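Worksheet for the structure shown next.
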Amino acid sequence: MADDLPTPIVVDALALALVASSDAPILLLDGDLTVVAASASFCHAFQIDPAATEGSSLFALGAGEWDVPQLRSLLRATLSGAAQIDAYEMDLTRSDRGSRRLVITAHQLDHGDPLNVRLLLSVSDVTDARLAERLKDDLLREKAILYQELQHRVANSLQIIASVLMQSARRISSAQTRSHLFDAHSRVMSVAALQSQLVASRVGEVPLGVYFTELCQSIGASMIQDHDKLRLRVETDDSVALADASVSLGLIVTELVINALKHAFPLNRGGDILVSYKSSPAAWTLSVTDDGVGMPTDRVPTKGLGTSIVEALAKQLHATVDTADAGPGTRVSIVHKSLLGVAT
């Protein structure tokens, strides 16, 4: 009922009590935007004499620094009910104290008396917060620039190392030494391919299809002479992997492809090598399959450096190594029963 509504006198008393007890900078204004009351924190924050606030126009406070045309328009619109100020940002410029960034909020108090309008205005000084944000943004930009420069230098260094290894391999007369240098070149290019994918992704995840394709192209360029006769293909789903897992997966692919190129196709034999990666919510499988001469049956195969590297890397990924007859050729599979470090 109307008799139960608070009277303007009660509303004023409540508003004055709110202002007097507030720790935040707030003002109580009338319909002419004259100060009815100011909190002690407002006077302290903006160095205004409390005795000079009551009865003064908001725009006459201090040295007139509150007389901002846009603020005046917004407050008038709020009084008329045409607008409401929820978070208006403005710069309070004072010649003797510097500029401060403020967030203004203003709401009209509704007490049923259109002739006795009251406006509650609160002020938050966000100068230091905005400065901290700018400093943070500047630091992030500087970090990004430094990171890009580092990545550029790493890429250049890897390319130089790979080039030196390739040139050395071509000058060496020993076939065994030349083979080791080619292997080292492929391993360096494996890291270089991963590094370029990490730079491209910028989120710490590497799309394995693109990564394996680039890696195999690099290996093929250095170790396959006739690409029509000996073909190296990649088939993957849309899986991605975290950086640590990508390093291990890339090195495994490198070792298995190198091993197939060196042993599966003797006497200039042609054929195909397929690098495959498939994943599901419960497991993932990386395999390298060739249609070459297959595993020797007349002797026990010896464990070389490449095999030891693959087994060690598979152990890091909590995976098992399975070698099988591909009929013809050989299939080596790295099988993991749960997706630790690898996403789909």
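The values are calculated or read from the model by the stated rules, or taken from the named source; none is laboratory data. Here the structure is a predicted model, which means the values were calculated and not measured. As a convention, Cβ positions derive from the backbone with ideal geometry for all residues, glycine included, and neighbour counts pool all protein chains shown. Areas reflect the complete protein model, heavy atoms only, side chains present, ligands, DNA and RNA absent. Shrake-Rupley method; radii C 1.70, N 1.55, O 1.52, S 1.80 Å.
Evaluate E = 1/(1 + (r/R0)^6) for LYS337 and ARG170, where r is the Cβ-Cβ distance and R0 equals 35 Å; express this FRET efficiency to the nearest 0.05. It comes to 0.20. So what does the Cα-only Debye profile of region 229-312 read at q = 0.20, 0.26 Å⁻¹, as log10 I(q)/I(0), no solvent term? For region 229-312, the Cα-only Debye profile gives -1.02, -1.36. Taken over region 200-268, the percentage of Cα pairs per 5 Å bin, counting from 0 up to the bin with the maximum distance, is 3, 15, 26, 23, 15, 10, 6, 2, 0, 0. The listed residues LEU208, LEU115, LEU230, once ranked by accessible area (1.4 Å probe) with the largest placed first, stand as LEU115, LEU230, LEU208.
3J(HN,Hα) along region 251-267, derived from phi through the Karplus expression 6.51 cos²θ - 1.76 cosθ + 1.60 where θ = phi - 60°, amounts to 5, 4, 4, 4, 5, 5, 5, 4, 4, 5, 5, 7, 10, 7, 10, x, 6 Hz, with x in place of Gly and Pro. Expressed per residue, the C-alpha convex hull volume of region 26-79 stands at 71 Å³.
A Förster radius of 51 Å, combined with the Cβ-Cβ distance separating ALA155 from ALA282, puts the computed FRET efficiency at roughly 0.90. Output the 0 to 90 degree angle, nearest 10, between the alpha-carbon long axis of helix 127-171 and the longest principal axis computed from the alpha carbons of the chain. Once rounded, one gets 10 degrees. Each peptide among 119-127, 34-42, 141-149 gets the average number of other Cβ atoms lying within 10 Å of its residues, and from highest to lowest they stand as 34-42, 119-127, 141-149. Peptides 263-276, 246-259 ordered by packing proxy, namely the average of other Cβ atoms within 10 Å per residue, highest first: 246-259, 263-276. Derived value for region 14-120: Kirkwood hydrodynamic radius 14.2 Å. Basis is the mean of 1/r over every pair of different alpha-carbon atoms.
Maximal additional length on extending the ARG72-THR127 stretch stands at 17.7 nm, based on 0.36 nm per residue less the C-alpha distance.
Give me the mean projected area, in nm² to one decimal, of the convex hull enclosing the Cα positions of region 69-177.
The Cα convex hull of region 69-177, projected and averaged over all directions, gives 14.7 nm².
Relative to the globular-protein estimate of 2.2 N^0.38 Å, the Cα radius of gyration of region 78-121 stands at 1.51.
The share of Cα pairs per 10 Å bin across the chain, counted from zero up to the longest distance, runs 5, 18, 18, 10, 6, 8, 11, 11, 8, 4, 0 percent. Compactness ratio for region 91-238: Cα radius of gyration over 2.2 N^0.38 Å (N = residue count) comes to 2.10. The packing ranking, built from the mean of other Cβ atoms within 10 Å per residue, places the peptides 284-296, 48-60 in the order 284-296, 48-60, highest first. Students often forget the sequence filter, so: which lysines lie under 16 Å Cα-Cα from LYS278 once same-chain residues fewer than 8 apart are removed? The reachable lysines, counting only those whose Cα sits under 16 Å from LYS278, are LYS337.
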